[in-house]
Every structure is written in C-alpha cells, then in structure tokens.
Amino acid sequence: MSVEFKKYVNIRFYGNLNDFLPAGQKQKEQRVGFWGTPTVKDLVEALGVPHVEVFLILVDGLPVKFSFRPAQGSLVSCYPKFSSITISDIALRPDFEIPPRFVLDVHLGRLAAYLRFCGIDTLYDKSYTDNNILEIAQADGRIILTRDKGILRNGKARYGYYLRNTKPQLQLSEVVDYFNLTNFFDPFSRCSLCNGEVVQVEKSKVENQVPQTTYQVYNEFFKCTRCGQIYWEGPHFNRITAMLNRYPR
C-alpha cells in the first residue's frame with residue numbers, strides 16, 4: 001500500500017552528489033513527500049546523501065542553511081564542493097583548514113600510509129571508534145575520510161568525504177584531486193606508521209638498528225622523531241616515488 005504524504009518538495013542533486021543515488025534517480029529532479037516540517041538537512045540525508053558533502057543548497061533559487069524548513073512545492077537544489085568558483089559568502093560550511101589535515105576510519109590503513117608518504121598530516125589507528133573519529137575531527141578541525149556514510153551523517157561531523165573507490169591507490173588519486181593536495185606535498189616528511197616527523201640522521205647513529213647489508217649499501221638514513229622507525233632509499237622508496245610522480249606539482 002502506497003503512503004500518501006501531505007506535502008511534497010522537488011529535490012535535484014548536482015555533480016558527484018549523484019554518486020549516492022540509485023541509478024534511476026541520478027541527474028534529475030525527484031518528488032519527495034514528507035510529514036511535518038523537516039529541515040532540508042533531514043530531507044537530503046533521507047535520500048542517502050551525507051550533509052558533509054553538500055556545500056550549497058538553494059530553495060527556490062535562494063541560498064539556505066541546513067536548518068531551513070522548506071514549504072510545500074519548493075524546489076531544493078543541492079550542490080557539492082565547487083572547484084572553479086568561490087561560494088564562500090553563501091556556502092553551508094566554512095572552508096577546511098589549509099593545509100588540509102585528515103582522520104581516517106579503521107578500514108583505510110593503506111590510504112593513511114600513502115597520504116603520509118605524501119607528507120599530508122593523517123591520523124589513523126585501528127582502535128578508533130566512530131566517536132573517537134568524530135571527537136578528533138571536531139577538536140583538530142580535521143576532515144573525516146571514510147567508506148561509512150553513517151559517520152558522515154552524524155550531526156557532529158563538520159568536514160568529511162565519502163570515498164567512492166575501494167582500491168587504495170585510486171582512493172589516493174580521489175583525495176588528491178578533490179582536496180587539491182599536490183600543493184601541499186612534502187614527500188617522505190612523515191612516518192607512514194605513526195604520522196610523526198621524519199628527519200635525516202647520521203649514518204653512524206643507526207648502525208645497530210638496521211641490517212648490516214643495508215648499512216653497507218646505503219649512506220643516507222632517516223628516522224621518525226616519534227616512533228623511531230628508520231628509513232632509507234631502498235626499492236620501496238623508489239616504488240613510492242614513482243607513484244607520487246604521477247601527480248604533477
């Protein structure tokens with residue numbers, strides 16, 4: 001039996017916000033029924049789109065806040081992050097801090113390592129709960145990266161992005177493009193294990209901390225100031241360098 005709603009609005013999503021919609025609802029206006037007086041945030045998220053990815057909402061052509069309650073018959077137009085025009089005066093959220101800093105959910109360990117290799121400040125821990133991530137993001141102004149839409153719908157989430165890809169290297173490309181990260185690359189300046197700062201150290205100081213063959217072959221060594229992990233420019237360094245070189249700077 002179909003439900004008869006008292007009120008309806010028409011909602012249209014633009015750009016990559018359509019990634020969250022079923023195939024038959026993408027790139028077109030849809031009629032949405034409701035009871036009571038829901039906010040536009042309620043209506044948007046009821047259709048599966050996390051509010052943190054919506055940067056501008058127009059109701060009948062005028063910009064509104066998430067708390068706005070549309071009237072019967074209104075046209076609601078929802079837009080994602082803009083890359084070529086500035087909407088700072090009417091955007092639903094202030095721009096994130098520059099350079100961007102991230103906190104990742106527990107399923108994105110490889111992406112966390114890749115971002116750290118790029119020199120991007122990235123917090124990640126397998127023990128993080130959703131509440132931990134939300135608290136860290138709030139306290140530090142960090143952007144949440146996740147494959148879980150639920151955490152992005154939480155009212156505590158201010159900045160966030162839902163990764164469309166499941167493969168780590170494709171996820172890296174996605175994040176680099178979306179947040180324009182190449183301007184902030186500082187390769188190998190952060191520890192891939194703990195996000196600490198990596199600095200060069202004298203070779204003699206690591207003699208007993210690396211394999212003897214490695215010590216004999218390489219002359220330059222680097223150390224994390226937080227966890228003590230030792231790095232050198234071996235085959236793994238060359239593979240990561242080749243990956244980062246795909247992004248022109």
- Which of Val176, Thr166, Leu134 sits farthest toward the positive end of the charge dipole of the chain, with +1 on the Cβ of Lys and Arg and -1 on the Cβ of Asp and Glu? Thr166
- Task: Calculate one ³J(HN,Hα) per residue across the range 74-81 by plugging θ = phi - 60° into the Karplus curve 6.51 cos²θ - 1.76 cosθ + 1.60, and present them in order as whole Hz with x for glycine and proline.
- Result: 5, 9, 10, 10, 10, 10, x, 4
- Percent antiparallel among DSSP beta bridges (both partners in the chain, rounded to 5): 60
- Query: Which of the pairs Lys28/Lys126; Lys126/Lys223; Lys81/Lys167; Lys7/Lys28 have their Cα atoms more than 30 Å apart in this structure?
  - Reply: Lys28/Lys126
- Task: Just the Kirkwood number for the range 1-79, please: inverse of mean 1/r across all distinct Cα pairs, in Å, one decimal.
- Result: 12.7
- Item | Estimated FRET transfer efficiency (Lys126, Glu29; beta-carbon r; R0 45 Å; 0.05) | 0.60
- Electrostatic dipole magnitude of the range 198-238 [Cβ: Lys, Arg +1; Asp, Glu -1; Cα centre; debye, to 20]: 160
- Message: Under a Cβ-only charge scheme (Lys and Arg +1, Asp and Glu -1), can you give me the dipole magnitude of the chain about the Cα centre, in debye to the nearest 20?
- Response: 500
- What percent does the relative contact order of the chain come to when contacts are Cα pairs within less than 8 Å and at least six residues apart? 14
- Item | Longest to shortest principal axis, alpha-carbon extents of the chain, angstrom | 78, 35, 34
- Task: Can you run the Rg to Rh ratio on the range 102-184? Use alpha carbon positions and the Kirkwood inverse-distance Rh.
- Result: 0.92
- Note on the structure: If Val44, Val59 are placed from fewest to most neighbouring beta carbons inside 10 Å, the sequence is Val59, Val44
- Message: So if I average 1/r over every pair of distinct C-alpha atoms in the range 190-249 and take the inverse, what Kirkwood radius in Å does that give?
- Response: 12.5
- Note on the structure: With -39,500 (n - 2.57) per DSSP H segment of 4 or more residues and division by the full residue count of the chain, the 222 nm estimate, nearest 500 deg cm²/dmol, is -6500 deg cm²/dmol
- Item | Estimated inter-spin distance, Asn245 and Leu193, nm [label 7 Å along Cα→Cβ] | 2.8
- Query: Relative contact order of the range 107-223: what whole-number percent is it, with Cα pairs under 8 angstrom and at least 6 residues apart?
  - Reply: 28
- Message: Given contacts defined as C-alpha pairs under 8 Å and at least six residues apart, what's the relative contact order of the range 7-79, whole-number percent?
- Response: 44
- Let me know the longest stretch in the chain that avoids all GluC sites (Glu not before Pro) found in a DSSP loop with at most 16 other C-beta atoms within 10 Å. 98-201
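FYI, it's all coordinate maths here, none of it is from the lab. Keep in mind it's a predicted model, so treat the numbers as computed, not measured. No Cβ is skipped: glycine too gets one built from the backbone with ideal geometry, and neighbour counts run over all protein chains shown.
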